[in-house]
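A.B. asks: Take this structure first; my questions come after.
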């Protein structure tokens with residue numbers, strides 16, 4: 001894995017993930033963009049994936065669709081499937097890891113969470129874990145508190161990760177993807 005080109009693809013949660021700090025021994029590229037939706041990812045696959053030609057793609061996307069596009073969970077699922085199809089159509093040899101959409105915690109900062117609900121997020125996760133040709137990684141269950149909300153310790157606004165949140169995500173990803 002050390003010699004492979006690894007792309008993290010997603011929205012602001014990915015963009016704010018300090019990959020150099022958490023994965024210093026790997027060749028990681030951060031292709032997260034704040035505000036991105038599944039539609040945005042579909043529109044920038046050429047720039048973010050095809051021109052880069054990575055060995056590994058770690059994809060986290062979908063939460064912004066619920067807020068910014070007022071998409072249904074079914075529309076988000078359809079778009080995630082299309083992203084997977086296009087990446088695998090480009091290069092079947094890419095190891096594609098699909099991360100569960102992370103939970104939210106509305107009471108912490110309702111304005112940040114907006115229309116995103118854990119019910120919709122759970123529906124999306126239940127469907128995307130069945131997508132073929134990817135390795136699905138359930139990070140969401142590790143981030144939830146006893147009520148199924150994003151644990152207050154892992155967020156500063158109910159949506160985005162705190163440093164502790166990124167530490168927990170890194171623990172999960174290091175174990176599931178990198179084997180340690």
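No value in this document is a laboratory result; all are computed from the given coordinates. Only a predicted model underlies this, so the values are computations on that prediction, with no experimental measurement involved. Positions of Cβ are generated from backbone atoms using ideal geometry, with glycine treated the same way; all protein chains shown enter the neighbour counts.
A.B. asks: Nearest 5 percent is fine: what portion of the DSSP beta bridges confined to the chain is antiparallel?
C.D. replies: Numbers: 2 of 20 bridges.
Rounded to the nearest five, the antiparallel share is 10 percent.
A.B. asks: Cα centroid distance between the range 31-47 and the range 106-180, in Å?
C.D. replies: Between the Cα centres of the range 31-47 and the range 106-180 lies a distance of 19 Å.
A.B. asks: May I have the pair-distance distribution P(r) for the range 5-178, computed from all Cα-Cα distances with 5 Å bins from 0 and rounded to whole percent?
C.D. replies: 1, 9, 19, 24, 22, 16, 7, 2, 0
A.B. asks: How do 58-66, 129-137 rank on mean C-beta neighbours within 10 Å, highest first?
C.D. replies: On the way: 58-66: 25.6, 129-137: 14.6.
Peptide ranking by packing, descending: 58-66, 129-137.
A.B. asks: Go ahead and set up a Gaussian network model of the chain, Cα springs under 10 Å, then flag whichever of 69, 19, 159 fluctuates most.
C.D. replies: Evaluated over the chain, the most mobile residue of the options is 69.
A.B. asks: Now for a different question. Hey, what did the chain get for relative contact order, percent, Cα under 8 Å, at least 6 apart? Before the final figure, lay out the partial values.
C.D. replies: On the way: 307 pairs, mean separation 34.7, N = 180.
Dividing the mean separation by the residue count of the chain yields 19 percent.
A.B. asks: Tell me, what is the percent relative contact order of the range 41-109, built from C-alpha pairs under 8 Å that lie six or more residues apart? Mind dumping the intermediate values first?
C.D. replies: On the way: 47 pairs, mean separation 32.5, N = 69.
Relative contact order for the range 41-109 comes out at 47 percent.
A.B. asks: Averaging sequence separations of C-alpha pairs under 8 Å and six or more residues apart, then dividing by the length of the range 1-71, give the relative contact order as a whole percent. Can you show the working numbers first?
C.D. replies: Values: 108 pairs, mean separation 29.9, N = 71.
RCO, the range 1-71: 42 percent.
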